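The structure appears right after this line, and notes come after that.
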Amino acid sequence: MNFIVVFFSDLTKRSASKFFAVNLFSGFTLLSVLSLQANAQTYPGTIKIPATFYDFHSDGSNPEFDCERHVTSSDILIETNIFSQLAFVQIYRITPSNPSDTTHRVGPLDSAFAGTPFNLAAHFFDSTGTLRSDLDNQITWTMTDLLGTIITKLNGDTTTLIPIKAYGTATLTATLTTTNGVYSQTIQIYIGSGKPNRINIQNSPVITSLWSDQKLGTLTMNENTPNSNLYAVIRDSVGNYIDSANTAIWKSSDISYATVSPGIKRWQGIVTKVKAGIILIIASSPGVVPDTVVVTLLTPHIIDTPSIAPADNKPGCGCGSGTGLAFIPPLGFKAKSWWNRKRKGRRP
């Protein structure tokens, strides 16, 4: 009687005892198996196994198929449910107009953009690889997020994320619980900034908030402030910082009151005061909404002081005689002052 030993290579170590309980080699006795590991799974329930055969003679010798009528190796195609894939949940990126689309798989890492809805669907596949749409309504969603991302639905096969704050990660899990077990998929979604939307004018180059506007709004240039620096940055539609406005164009509403010119880098605008008044400083850049600052310009206050003129030297003027100086009262000087009383011949 001849025996056959099959040396398996590169096959998965799964259900070995059950596998060998199946009578795959009719008419032969399976002697031993070495190294069980998976090589190539072509579709659920099918494993391709490269095998080398050895002919054991009844006298104990084991020449390796030295006869021409034998082959030294073969690929065995085994069809069995022992090696079928496990059931699973899969998340997909979809569009609202096509929620059943299973083209774009998600995970374990993906990305979304602040201000842009991120539409998702999850489906359950059983161990035969069949999509079980009848279980879609039993899927639940959970999210861990510290950035304020909004999730529109917690139950059902579809949901939508609306990211608000950028530069962080949201963790999302779709779960289906059945009598046979709990199936889920967890993905991590990095939230990036949205598309450039608007300019913010700041009075400092320092970004104090990544997630909200820092619009200056108004600026007062005091008497001793001939120049002031402004800075333009780009933010998305929900206020996330994107970058400096390196293509900024600066403009003054009236250069007779103040001018504005770019610094070494165009995102900086230098305002130079000309005279007192109120003007607008505008920063713009192609493709985004401009920003405006109302600038109040103050100049040093000139005080109205008394002036001195030569005396008229007329007799009886009360000013003395000869060359002298006469006092000319300033505007608003009151008649009851000491000088006016003296001019009228009164004593103090």
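Read-outs throughout are calculated quantities, based only on the coordinates presented, and are distinct from any laboratory measurement. The shown structure was predicted, so the numbers you read here are calculated from the model rather than taken from an experiment. Every residue, glycine as well, gets a Cβ built from its backbone with ideal geometry; the counts of neighbours run over all protein chains shown.
Could you please state, rounded to a whole Å, how far the C-alpha centre of the stretch 160-187 is from the C-alpha centre of the stretch 200-215? Measuring centre to centre over Cα atoms gives 33 Å.
If I stretch the segment between Ile255 and Ser237 completely, what's the gain in nm (0.36 nm per residue apart, minus their alpha carbon distance), one decimal?
Numbers: separation 18, 0.36 × 18 = 6.48 nm, distance 3.18 nm.
Once the chain is fully extended between Ile255 and Ser237, it gains 3.3 nm.
For the stretch 198-297, the normalised intensity computed at q = 0.13 Å⁻¹ comes to -0.40 (log10 of I(q)/I(0), Debye sum over alpha carbons, equal scatterers, no solvent).
Modelled label positions at Ser184 and Thr299, each set 7 Å beyond Cα in the direction of Cβ, lie 7.1 nm from each other.
Note on Thr272 and Tyr167: their simple-model spin labels are 3.5 nm apart, each label 7 Å out from Cα toward Cβ. Each Cα pair under 8 Å and six or more residues apart adds its separation to the average, and for the stretch 198-297 the resulting relative contact order is 31 percent.
Derived scalar couplings between HN and Hα for the stretch 270-280 equal 10, 8, 10, 6, 10, 7, 5, x, 10, 9, 10 Hz in order, rounded to whole Hz, by the Karplus curve 6.51 cos²θ - 1.76 cosθ + 1.60 (θ = phi - 60°), x for Gly and Pro.
Highest mean first, the peptides 177-187, 196-206, 237-247 sorted by other C-beta atoms within 10 Å per residue fall in the order 237-247, 196-206, 177-187. Each of Val274, Val260 has some number of other Cβ atoms within 10 Å of its Cβ, and from fewest to most they run Val274, Val260. Residue-wise HN-Hα couplings along the stretch 250-255, as the Karplus relation 6.51 cos²θ - 1.76 cosθ + 1.60 with θ = phi - 60° gives them from phi, are 9, 8, 9, 6, 7, 6 Hz; Gly and Pro carry x.
Evaluating 6.51 cos²θ - 1.76 cosθ + 1.60 at θ = phi - 60° for every residue in the stretch 87-97, the Karplus couplings come out as 5, 7, 10, 10, 9, 10, 8, 10, 10, x, 7 Hz, glycine and proline recorded as x.
Specify whether the C-alpha gyration tensor of the stretch 143-257 places it in the rounded, prolate or oblate class, a ≥ b ≥ c being the square roots of the eigenvalues: rounded for a/c under 1.5, otherwise prolate if a/b is larger than b/c and oblate if not.
Working: a/c = 4.43, a/b = 3.96, b/c = 1.12.
Prolate.
Note: relative contact order over the stretch 88-192, using C-alpha pairs below 8 Å and six or more positions apart, is 31 percent. Hey, could you grab the Kirkwood Rh for the stretch 88-192? Inverse mean 1/r over distinct alpha carbon pairs, Å, one decimal. 13.8 Å is the Kirkwood radius here.
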